[in-house]
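Each value in this text was obtained by applying a stated rule to the coordinates, not by laboratory testing. Predicted model only: the values in this text are computed from it and were never measured. Cβ sites come from the backbone with ideal geometry, for glycine too, and all protein chains shown count toward neighbours.
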Amino acid sequence: MSRDPNEAKGFGIKVRETRELGLLQTELGKRSRVSRPTSARVEAGSDVSTVTLTKVTAAPGLKVGIEKGQQHDHVS
């Protein structure tokens, strides 16, 4: 199951805003031990693994969390 695209975009925007305070995408990639294109995919809100998201958000000092939210009905 993939996450809501709006949520992924929100993660990406926050990473980009924080990175722009002092890191280049290349440096973010090096610090998070992922490629620059992968860090760019996170910033763009693309679908990435939770492990990748955690690595990339940790590099500029951010943290991924889970909160209880609204329940969504899934149609099969």
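Applying the criteria of a DSSP loop state and at most 16 other Cβ atoms within 10 Å to the GluC sites (Glu not before Pro) of segment 1-69 yields Glu20, Glu67.
Among Gly12, Gly45, Gly65, the residue with the largest mean-square fluctuation in a Gaussian network model of the chain, with springs joining Cα atoms closer than 10 Å, is Gly65. Stretching the chain fully between Val64 and Ile13 yields a gain of 17.0 nm (0.36 nm per residue, less the alpha carbon separation).
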